[in-house]
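The values are calculated or read from the model by the stated rules, or taken from the named source; none is laboratory data. Source: prediction; values computed, not measured. All Cβ positions, glycine included, derive from the backbone under ideal geometry; neighbour counts span all protein chains shown. What goes into the accessible areas is simple: the full protein's heavy atoms, side chains included, and nothing from ligands, DNA or RNA. Shrake-Rupley method; radii C 1.70, N 1.55, O 1.52, S 1.80 Å.
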Amino acid sequence: RKLQDSDGHEIKNSIGILLNDPAQFAWRVETALNNAVEQIVVTAESKRFDTAYVENFIRRVFKEADKKLPPRDLYPLNPFLDQQTCRRGRVAARVLGQVKGGIFNCDITPWDTRYFVYGMDKEGLAFATYKTRRSKDQLLGEYPDVKIVDNRSEMEVWDIWTRETNEIWVGNEKVLEQKHGLGYVPIVFRKVPIGSMLLDADTLKYQGESIFFLIRDLLPELNRLVSIIQSINIKELDRALQLKEPPGTIKSAESEPTVDEVTATGTVNVVSTGGGFELMPLGQLREQAQLLFTILRNEMDEAMGRRFQDVAQPKTATEILEIGQEQQTIILPRIATRGLLKQSLAEMFIKQVIESGVATVKLGNNTVEVSKLKGEYEIEFKYYFKDPRMDIARASMAASQRGLISDRMIRRDTLQLEDPEATEQELAREEALRLNSLLNIRDKIIKLIQGIDKGGDGMEWEIMCDSQYCPMLEQAIKGTPLQQAPEVKPSQPLVPMIKGGV
């Protein structure tokens, strides 16, 4: 690979280098996205509606659909979607839920949006087309009834969906057309909400930006600069020389010795007095290259949030939270897009199973009552990340806020707990057990009874009931105050809030 000039021509005796910054950046962000803990939340105004039933159904459908992807040489849904949001800035998937023989078979196939074409109208998605390259065996495996004349090892296949039909084209030949009867295009498509939202003529190519959009113009220049520096380094092995000749001496270019000739090992060069060979100066060029490299590298680091990798030095809580915020600005739009896509996928396959008209379906080893999926409710996919450094930093900040703001605000805003209300209820329960030793003993007895099925002999709870609970209950009935456990106080912060103290 050669270095190229501004006109795209290769420069002789140069070396071209491609840095792996984009690969490292993509790997770091995609790994963080893959490590996100996914939570399915269904909410309904009716308190009688069983939201947990719907949540479990959604979770099982995605699990069963994921099992069908590896045998088709496709990747699991979440990692594929994460790479799409990072590199393409768009995600799409096809949803086909069918009930056959009482079994709900849901096919959720993710599509690479580079080969995805769609059209919209006032009602939404009007058509969607997906282009792939497949072998004849792969195509017949999915569509066993089609007739294929083309016997090439790989064929260009178009999968075209409208609101009424599905067509399969191999090259320029339509091999299948069928009505699906859904009344809508069974495709879900989302863009990452990063990029241009203007209505300029060329705005489309700046919508749904990838994670590289801030370094798109910097990276080629950094690669060019590194290539120049390396090319200069190589010239040290074959350094150009300048030959000083006495005034009035004239020689033709053909008669001058080459660099290889005068620098060869063991060579003795005879030069005239006042003449000789000297190295061509490259120092100023190196200085300018180093300065430009520093500028470009700093710009790249800012755009890529590279500071998040710097964990060698001890950091304060505020520094850790600041670094975490930098990471979130890169990750959150991508993980939110995954959540919106999966929300729409869930709504679509629930609609498909309801419209099948059956009362119950089998899903894996479970029987699902379709009536429990009907109702007015909202589906949301929430994500959070487990990072001990961030947990410690938030805990340190929370400890310093006690008495300044309410504990509820601390749990919700500072600690960012997954379910602050549930945590508050659990803390209230623990406080009640601490204040009332009778409730504490009762709670332990219940746990011992529950543990009988796990190998307990059943004697412990009876002994505790006779020796402690019953006497304490009599004491409470008589109005004698019960002993109270000591109050649990928050510990000191594990890391300082700022340098020099807490």
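For the reader, a short list of remarks on this structure follows.
- Extended-chain gain in nm, criterion 0.36 nm per residue less alpha-carbon gap, Glu256 and Glu154: 30.9 nm
- Gyration tensor verdict on the stretch 1-156 (Cα atoms; rounded if a/c is under 1.5, prolate if a/b is larger than b/c, oblate otherwise): oblate
- Across the stretch 101-207, Cα pairs under 8 Å and at least six residues apart give a relative contact order of 18 percent.
- Hypothetical label at Lys386: residues of the stretch 55-81 whose amide nitrogen lies under 15 Å (7 Å Cα-Cβ projection): none
- Shape of the stretch 85-162, Cα gyration tensor, a/c cut at 1.5: oblate
- Annotation: peptides 391-398, 124-131, ranked by per-residue average of other Cβ atoms within 10 Å with the highest first, follow the order 391-398, 124-131.
- For the stretch 65-125: rounded, prolate or oblate by the Cα gyration tensor [a/c cutoff 1.5]: oblate
- Sorted on the mean count of surrounding Cβ atoms within 10 Å across their residues, most packed first, peptides 159-165, 381-387 read 159-165, 381-387.
- Centre separation in Å (Cα based) which lies between the stretch 142-175 and the stretch 59-112: 21 Å
- The length gained by stretching the chain between Asp107 and Gln475 to full extension, at 0.36 nm per residue less their Cα-Cα distance, is 126.1 nm.
- In terms of accessible area, using a 1.4 Å probe and ignoring ligands and nucleic acids, Arg224, Arg216, Arg434 rank largest first as Arg216, Arg224, Arg434.
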